[in-house]
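Here's the structure, in structure tokens; my notes come after.
Computed from the coordinates by the stated procedures, all read-outs in this text should not be read as laboratory data. Here the structure is a predicted model, which is why all the values come from computation and not from measurement. Please note: Cβ atoms are built from the backbone with ideal geometry, for glycine as well, and neighbour counts cover all protein chains shown.
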Amino acid sequence: MPVVHAVAFAGSLRKESWNKKLLRLAIDAAREAGLEARELDLAEVPLYSADVETVGFPDAVEGLRRAVREAAALIIATPEYNNSVPGVLKNAIDWVSRPPNAFDGKIAAILGASAGSFGTVSAQHALRQVLVTLNVLTLPGPRVFVAGAAHAFEPDGSLKDPRAAEQIRTLMQRLAHTTRALAPQPRPAPLG
Ligand SMILES: Cc1cc2nc3c(=O)[nH]c(=O)nc-3n(C[C@H](O)[C@H](O)[C@H](O)COP(=O)(O)O)c2cc1C
């Protein structure tokens, strides 16, 4: 089966971020499913300003846009801030969405971990709305909501709840399958 490529990012800058841990579990599961995912860090992405954009995309933004453009799929792990996506994530998405929208036609899997007992239900709902606007096909499930995240991980980064680990594996298998089925395939070289 041909390997397909994804980019993966978490909407957190925290060194010990639960969402970065979750993202890495998803990246490992994606690899097992034949989807090579490259992790991107949003730390260097500046705040969006139309004045800056007029002069040109900053290097960190250009790098992010290129990585998204070249990938067939996206894996996004989002924390939840005030029932929505954190500014860090929305800001990065806003830069990448500027014309030509680098998200156009991508296939995405989303997941999230938060301190509260709903485990990013509201943030993921908000993220889906944004991604629909950008013509991203977001997989409907299985939905991965890691609640009470401070107590959800083992010291080695694995999840204590085996059902959540299984949901991640299934989500990544579906992402690999859907991406292979829907992403534009490279054209074979013309004969003769
Ligand atoms: C401004 C702010 C708002 C927050 N709002 C919520 C919330 O609505 N629901 C929730 O479960 N946790 C909320 N939290 C706690 C987050 O769950 C937690 O900080 C975050 O998920 C950590 O993710 P990370 O470890 O990936 O950085 C909030 C935290 C901050 C800083």
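Does residue 74 satisfy being part of a helix (DSSP H, G or I), touching a residue at least 40 places away in the same chain (Cβ under 8 Å) and closer than 30 Å to residue 173 by Cβ?
No.
Condition first: more than 21 Å from residue 22 (Cα to Cα), among the β-branched types (Val, Ile, Thr) and part of a helix (DSSP H, G or I). Can you find one or more residues in the stretch 88-103 that meet it? Yes: one or more hits.
Determine which member of the set 136, 132, 146, 61 is surrounded by 23 or more Cβ atoms within 10 Å (Cβ to Cβ), more than 20 Å from residue 17 (Cβ to Cβ) and either more than 16 Å from the ligand (Cβ to nearest atom) or not hydroxyl-bearing (Ser, Thr, Tyr) (or both).
Details: 132 fails: surrounded by 23 or more Cβ atoms within 10 Å (Cβ to Cβ); 146 fails: more than 20 Å from residue 17 (Cβ to Cβ); 61 fails: surrounded by 23 or more Cβ atoms within 10 Å (Cβ to Cβ).
Result: 136 is the single residue among 136, 132, 146, 61 that is surrounded by 23 or more Cβ atoms within 10 Å (Cβ to Cβ), more than 20 Å from residue 17 (Cβ to Cβ) and either more than 16 Å from the ligand (Cβ to nearest atom) or not hydroxyl-bearing (Ser, Thr, Tyr) (or both).
A Cβ distance below 8 Å, combined with a sequence gap of six or more or placement on separate chains, defines the contacts here; from the stretch 9-23, residues that are more than 17 Å from residue 64 (Cβ to Cβ) and within 7 Å of the ligand (Cβ to nearest atom) reach residues that are assigned to a helix (DSSP H, G or I) and among the hydrophobic types (A, V, I, L, M, F, W, C) in the pairs 18/149; 18/150. Note on the stretch 136-170: residues that are in contact (Cβ under 8 Å) with a residue 60 or more places away in the chain, farther than 21 Å from residue 117 by Cβ and within 17 Å of the chain's Cα centre (by Cα) total 2. In the stretch 80-110, which residue that is within 11 Å of the ligand (Cβ to nearest atom) and surrounded by 24 or more Cβ atoms within 10 Å (Cβ to Cβ) is nearest to the chain's Cα centre (by Cα)? Only one residue fits best here, namely 89.
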